[in-house]
Each structure stands twice: as structure tokens, then as C-alpha cells.
Amino acid sequence: MSTIIKSGTLITAAETITADIHIEDEKIVAIGDDLNIPDAQVIDALGKLVMPGGIDAHTHFDLPMFDTVSSDDHYTGHKAAAFGGTTTVMDFIPQDFDTLGEAVDAWHAKADSKAAIDFGFHMNITKLDENIETEIPGLLNAGISTLKVFTAYNNRLRLLDGDIFRVLRIAKENGMLTMLHGENGDVIEILVEEALAQGHTSPEWHALTRPAWGAVEAVMRGIALAAQAEAPLYIVHMNTSGGVDQVRYAREHNLPVMGETCPPYLFFSIDHLRREDGAKWICSPPMRSPEDKEALWRGLSDGTIQTLGTDHCPFFFDGTKPILYENKPVAIPGKELGKDDFTRIPNGVPGVGDRLPVMWTYGVRAGRITPNQFVALTSTNPAKIFGLYPRKGVLLPGADADIVIWDPERRLTYGIEYANHRTDYNLYENWELVGYPEKVFLRGRLIVDGERWLGRAGKGQYIYRQPGTVI
């Protein structure tokens, strides 16, 4: 069936225009004035904004951690994403299997039957030997063109510098992109041991034992390794002023380095971990200082940072008390596991459904970023970097009809009622928002219509990604 979205204000990364969009067979087939297609369904978007569906390149669904699992799976998390205007997500595959192929198969087994929006995978590389090195190029045949490495989580996820250098070179040779989680694992191990020995167990010590300088140093070191490997590098969840400085320096020297930040680092600080419910804000890396927040905003505004992800990895605040999700009681062990020891609090926060609505009000309407930057950071840039463009992230003929009709004047008091995450709290509870998704289309099919959920498990498609572009 043909659909025409009529008279909307189209916002892309490059321009803002008033036009109609014609959708046919999951694709955008035409954009123009006064389109008239016999028997087409017409959706009046006069007074509304029309944008490409959001792309969240950093999510963690159904992820085992600390005797529990992240509370959103590939259905519930996808549903939350859709209600927030996001139509494509990318998840990380842990290297917890004998071969990379087995890891990919295991994650498809988790995701394929549950996926409610389109999705892709990144591969964590947390151990390296000759067999793994040989396997890495074959990930391209599985549609995976991105590798993630860590300088933290000693004896679990961390690679030594030499192994990171080897991964970078393999990635470069095969047109792949390396993603870096940058913290100093050695310093963290020492500070955690000292904090516990001194009886410091409250949530704020999660941040105090992961100092900002460790993140700055690790980002700088990762950039230096990438420069020596002559390979591109993408810094995930940037959270420090110094990290922004390092990426800016690299880009000013024409190094192919890109950065991502996440909304919690723009709005919260270590002071939130000092609250009675401070465990709600525990994630890694941690919230930083007000000065770091301002530097991150400047990085978004001036183009130093290219994307806005979420690092969505939710846990219940109190997993002993069930909530109702789709009219069924659900209780999953959560942050109460670390009530007496901050090192046992599962690391992660919800956010995949919050990203676009919160950033529109407090980013665009507040004058910190433009509407076109909003689309670039949350959709077009991730599409280009991660090999989805021009299928995703753009309003152009031939692109998938992943489209959000946005009501710029809708006012609501936001929180858990709207977010649709499968957890018992929201970081933005009672925040006042102006502007919200009204209708969300996945490949031309309406999946969110106001408060109505029209999507279904298994209707999301796995996207075989090609190597992306450094921007």
C-alpha cells in the first residue's frame, strides 16, 4: 500500500524543507510538493516535523552481569526505542564463546525472534590469539564491521596495548572500525581495593575509584595507538573535558578519530551518586563534574563529537519488587545486589527511549544544538559511520521509510510512564518536555501511533552492515 506523509516540515542533517513523502514497499520513493498518488493513504503532517528514525549505535540488551542480566531484552528494549523515535539499534556481542562465529550465532538466537525494530551487532574483542586474528575478517560476512576493545576491566574485558594495536591493524587492513572504551584499568583496580579496605562502600565511590584523568589518559593512549596503526578509531561514551580535548586535537591533526557521548553525561554528575538512590546513576564510565558536562555540550555543538548514543543497559533499582510489563509481573535482580558494596552494583542505566525526547527539549529547544545537528548526531552520522547509509539515517528516495512524525508543541511530564523500558525507574522522572514523537514508521509500517504500540516481536530485521565512513 502507498502512503503519503503530507505537508510536514522535513528536518535532515543538511536542510529543513516543507514537502510530502511518498512511501511504497518499505521505501521512500519520492519527496516533493503536492504529491498525489491514487488510492494512497494520506497522513496529514501539517504543523509537524518529519525526521529520519533515530539510530542508537550503543545498546546492551539481555546482557549478563553480576549474577543478573540487563532488564531489557531485544523485544522490550526495541519497543522502548521505538516509542522514543529510534528505529535502528546496535548491540554488542560478548566474546564469551570459543569462536567469534559461535558468539554471533548465540546473539542471533537471543535477538532474531524478539527484534521489534531493525538492528545490527558490534563484536567485543576481549581476548586475542592467532585463531581470533584469523577469524576477525570473516565478521564482515556476518554483517559486522566494527570491533570494540577495552582498556579497563582487568582480567575480564581488557586487552593490553599491544593487542589493541594488533586489533587496530587488522581492522585497518579489512576496512573495519575499532571502538574504544577508555579508562585506566590498573588505576581502577588499586583504588577500588583501597576504598573497600577503608570501608567505603557507597555508590559515590564507584565514581571516585574511576578518576577522570584515567579516562583522559586512556583516550589519549588509544588515539596514539590508532595513529601508529594508521587506523580509524571511535571513542565510545565520552565523559570528560580532557577526552574532548584529546579528540579535538586528533581531528585538528587530521587523524581519523571520532567520538560519541550519551545523555546522562550531559545532564548528571557525581552528585547524583551521592543521593540516597545514587545506585540508579551507576554506569561505567561514571558521571563526572559540571565542568565536564559543559565541555561535552561544546563538543557536540562544534562537531568534535559526532554521535549521541545511550549505552542503554538497564537494571531494576529494586529487583525484589515486581513491576507490570505488558500486564505481566516482572522482577529481575538489579542494583539492590550492591546495597552494601558499590562494586556489586550492576553497571548501567536505561536510556534508549529517552534519548530523542530529552535531547529535543534540553538540546534543541534550549539552543545548545540546532534541529539539523540533532538529526545528524542521532541518526545520519551513526548511519554513515556504521555502514548503514544511505539505507538508514536519511530522508531520500531509495532509503528505508524509517520515519518519525514529531509534534513540536506536545507538552508532557516525562518519566517511567512514557519511557517503556522494562525497569522500575527513569533518570528523567518528572522532567518537563516540549516536543515528542507522534507516529513512528519502521520501513513504512506504522509501529507507534501516539500511545498505541503496533509493533511486534520478530518484525525487526538484522542489517548486514558494510564498512562505514570516517566523518
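The values are calculated or read from the model by the stated rules, or taken from the named source; none is laboratory data. Computed from a predicted model, the values in this text were never measured in an experiment. In this analysis, Cβ positions are derived from the backbone assuming ideal geometry, glycine residues included, and neighbour counts consider all displayed protein chains. SASA here: full protein model, heavy atoms, side chains in, ligands and nucleic acids out. Shrake-Rupley method; radii C 1.70, N 1.55, O 1.52, S 1.80 Å.
Miscellaneous remarks
- Qualifying residue in segment 330-339 (condition: under 17 Å from PRO350 (Cβ atoms) and crowded, with 24+ Cβ neighbours inside 10 Å): yes
- Among the candidates ARG344, ARG355, the residue that is of a type in the set (D, E, K, R), open to solvent by less than 10 Å² (accessible area, probe 1.4 Å) and touching a Gly at 6+ places or on another chain (Cβ under 7 Å) is uniquely ARG355.
- Within segment 162-185, being of a type outside the set (Val, Ile, Thr) and in a helix (DSSP H, G or I) holds for GLY162, ASP163, PHE165, ARG166, LEU168, ARG169, ALA171, LYS172, GLU173, GLY185.
- The set of residues in segment 386-403 that are surrounded by 24 or more Cβ atoms within 10 Å (Cβ to Cβ), charged (D, E, K, R) and not in a strand (DSSP E or B) comprises LYS392, ASP402.
- Residues of segment 64-74 satisfying the condition of being touching a Pro at 6+ places or on another chain (Cβ under 8 Å) and buried (at least 21 other Cβ atoms within 10 Å of the Cβ): SER70, SER71, ASP72
- Residue within segment 119-138 that is buried (at least 23 other Cβ atoms within 10 Å of the Cβ), farther than 23 Å from ASN155 by Cα, touching a helix residue (DSSP H, G or I) at 6+ places or on another chain (Cβ under 7 Å) and among the aliphatic types (A, V, I, L, M) present: no
- The helices (runs of 4 or more DSSP H) found wholly in segment 303-385 and carrying at least 3 residues that are aliphatic (A, V, I, L, M) occupy 355-359.
- The helices (runs of 4 or more DSSP H) found entirely in segment 186-261 that carry 2 or more residues being in contact with a Ser or Thr (Cβ under 6 Å, 6 or more places away or on another chain) and under 22 Å from GLY468 (Cα atoms) are 241-252.
- Of the residues making up segment 75-97, those that are crowded, with 24+ Cβ neighbours inside 10 Å and in a loop (DSSP other than H, G, I, E, B) are GLY84, GLY85.
- Criterion (within 25 Å of PHE83 (Cβ to Cβ), open to solvent by 30 Å² or more (accessible area, probe 1.4 Å), among the polar types (S, T, N, Q) and under 28 Å from the mean Cα position of the chain (by Cα)) met by exactly one of THR12, THR59, THR16: THR16
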